[in-house]
Amino acid sequence: KIVINRLMDLLIPKNINKDRVLKYVQCENNPDNILAIIDKVLPKVLDVSKPKVTTFSCDYIPDELILGEDIKKHLSGCFGVLLFAVTLGTEVDKLIRKMQFESVLDQVVCDAVSSVLIEEISESFEEDLKKEYLSKGLYLTSSYASGYGDYPLSTLSFQLKILDAHRKIGVALTN
């Protein structure tokens, strides 16, 4: 059985899709005030972000990952799995907490900006992986995460363990 673990720093984009942020804060109709806050907090988020990823891939599907019918269907025809976890780093969490003392609205927007940033970094990384694997004649399915369909959140514990996410990138599961 082949198992590969990788740890990498990721590039930070210069900007993010502000429409996604507006959707997160549910302010798509009159966004001028929120856009100004996005413009204020985005440089702060980008400045403290230190995105990292850890990956785990193997040429088999661990039984601990096959919980629920939806994941069985999703992995039908697959011979292995590739997992990854991405973080912006602890400084982003500290910034979000600090924002509550300036303005709760700024904090909410900062959290939304951070969420969109991590999503866009993850999507970019996933696209790079798809290209890498395709060059080897392999196809990756679409992303699938705990909480999708009937795939239980309880699988996160095993996923983070095999990713060695706490030691490698500081991501841990809390209650």
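The values are calculated or read from the model by the stated rules, or taken from the named source; none is laboratory data. Keep in mind the model is a prediction, meaning the values are calculated, not measured. Here the Cβ positions follow ideal geometry from the backbone for every residue, glycine too, while neighbour counts run over all protein chains shown. With ligands, DNA and RNA removed, areas are computed over all heavy atoms of the protein, side chains included. Shrake-Rupley method; radii C 1.70, N 1.55, O 1.52, S 1.80 Å.
For region 15-38, a residue qualifies if it is open to solvent by 70 Å² or more (accessible area, probe 1.4 Å) and in contact with a Leu (Cβ under 8 Å, 6 or more places away or on another chain), and the qualifying residues are ASN15, GLU28. Specify the residue that is most open to solvent (accessible area, probe 1.4 Å); the eligible residues are those in region 58-111 that are of a type in the set (Lys, Arg) and farther than 30 Å from ASP19 by Cα. Across region 58-111, the extreme among qualifying residues is LYS73.
Within region 139-152, being within 15 Å of LEU83 (Cβ to Cβ) and either open to solvent by 60 Å² or more (accessible area, probe 1.4 Å) or over 15 Å from the mean Cα position of the chain (by Cα) (or both) holds for LEU140, THR141, SER142, TYR144, TYR148, TYR151. In region 65-143, counting only helices (runs of 4 or more DSSP H) that sit wholly within it, the ones holding 2 or more residues that are in contact (Cβ under 8 Å) with a residue 24 or more places away in the chain and within 30 Å of LYS40 (Cα to Cα) span 90-99, 104-134. Scanning region 159-175 for residues that are farther than 23 Å from ILE66 by Cα and open to solvent by less than 100 Å² (accessible area, probe 1.4 Å) yields a count of 3. Screening region 15-43 for residues that are touching a residue at least 40 places away in the same chain (Cβ under 8 Å) and over 22 Å from the mean Cα position of the chain (by Cα) and picking the one that is nearest to GLU91 (Cα to Cα) gives LYS40. The residues of region 17-74 that are among the acidic types (Asp, Glu) and within 29 Å of LEU153 (Cα to Cα), listed by number, are ASP19, ASP59, ASP63, GLU64, GLU69, ASP70.
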